[in-house]
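This report concerns only the one structure given below.
The values are calculated or read from the model by the stated rules, or taken from the named source; none is laboratory data. Bear in mind that the values here come from a model prediction, so they are computed numbers and not experimental data. Here the Cβ positions follow ideal geometry from the backbone for every residue, glycine too, while neighbour counts run over all protein chains shown. These accessible areas exclude ligands, DNA and RNA; they are computed on the full protein's heavy atoms, side chains included. Shrake-Rupley method; radii C 1.70, N 1.55, O 1.52, S 1.80 Å.
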Amino acid sequence: MYKETILKKFEPRLDNILYILHELQDNNEQHYVSKEDLKLCADYLSVPYSFVHGVATFYTMFSLTPRGRNIIRLCDSPPCHLMGSGSLLDYLKNKLKIDVGETTKDGVFTLELTSCLGVCGVAPALMMNNATIGKLTPEKVDAILEERRKSL
Ligand code: FES
């Protein structure tokens, strides 16, 4: 089973818990950590399920509910706001026909907000999965979404 292969990449030590949760989430088609994954992690590290659940809910990078194949995280911090992220958020919501925290009906995109991505010099910015993209405009957003759809 591939999940056991994931676990065996790490020593069963508590300081590996974030790496394990990341791997489990990244290898889930719906980009989330399932209850089964939390249990596997807890058993592997010999800690209570409630401890692993607490860790997974503390960090916003983990989701305990299914998400789309692509996660869009639009920066919601003041410098990006000053550069127009608010109107880009409206643009994305209209374009994808979803609100923040939701997934498109076809399961391709999930829209989330995040705090500063550390690239304020190219605000407004977002992360598409693991890539940070700045100097956003509606046209650039269109191109990013199109590129992701074509890669399916
Ligand atoms: S405030 Fe958006 S990247 Fe820093």
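At 20 °C and 1.002 mPa s, what whole-number value in µm²/s does Stokes-Einstein give for the translational diffusion of the chain, with Rh from the Kirkwood sum over Cα pairs?
Numbers: Rh = 16.6 Å.
The estimated diffusion coefficient comes to 129 µm²/s.
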Nearest 10 degrees, 0 to 90: helix 85-96 Cα axis against the chain principal axis: 80
Whole-angstrom gap from the range 2-17 to the range 92-125, using each part's C-alpha centre: 31
Computed log₁₀ I(q)/I(0) - Debye formula, equal Cα scatterers, no solvent, the range 1-72, q 0.12, 0.13, 0.19, 0.21 Å⁻¹: -0.27, -0.32, -0.68, -0.84
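Stretched out fully, how many nm does the piece from E4 to V108 gain, at 0.36 nm a residue minus the Cα gap?
On the way: separation 104, 0.36 × 104 = 37.44 nm, distance 2.73 nm.
The span from E4 to V108 would gain 34.7 nm if fully extended.
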Isolated Cys residues of the chain, judged by Cβ distance under 4.7 Å to other cysteines: C41, C116, C120
Portion, in percent, of the accessible area of the range 100-152 that falls on carbon or sulfur, probe 1.4 Å: 52
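Among T110, T65, what's the order by accessible area (1.4 angstrom probe), most exposed first? Each step should come with its number before you reach the end.
Working: T110 0, T65 85 Å².
These residues rank, largest area first, as T65, T110.
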Candidate residues V100, V52: accessible-area rank, largest first, probe 1.4 Å: V100, V52
V47/D99 FRET efficiency (R0 30 Å; Cβ-Cβ; nearest 0.05): 0.25
Heavy atoms of F10 accessible to a 1.4 Å probe, total area in Å² rounded to 10: 40
Karplus (6.51, -1.76, 1.60) ³J(HN,Hα), θ = phi - 60°, over the range 136-152, in Hz, Gly and Pro reported as x: 6, 9, x, 5, 5, 4, 4, 5, 5, 5, 4, 4, 5, 5, 5, 7, 6
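Taking Cα pairs under 8 Å and at least six residues apart, what relative contact order does the chain come out at, in percent?
Details: 206 pairs, mean separation 28.4, N = 152.
After rounding, I find 19 percent.
Between A131 and F58, what FRET efficiency comes out of the Förster formula 1/(1 + (r/R0)^6) with R0 = 25 Å and r the beta carbon distance, rounded to 0.05? Present the calculation step by step, with values, prior to reporting the outcome.
Values: r = 25 Å, r/R0 = 0.99.
Once rounded, the FRET efficiency stands at 0.50.
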Cα extents of the range 70-150 along the three principal axes, largest first (Å): 33, 22, 21
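Kindly report the accessible area of the chain per residue (heavy atoms of protein chains, probe 1.4 Å, no ligands, DNA or RNA), in Å². Don't skip to the answer; put the middle values down first.
On the way: 8650 Å² over 152 residues.
That works out to 57 Å² for each residue.
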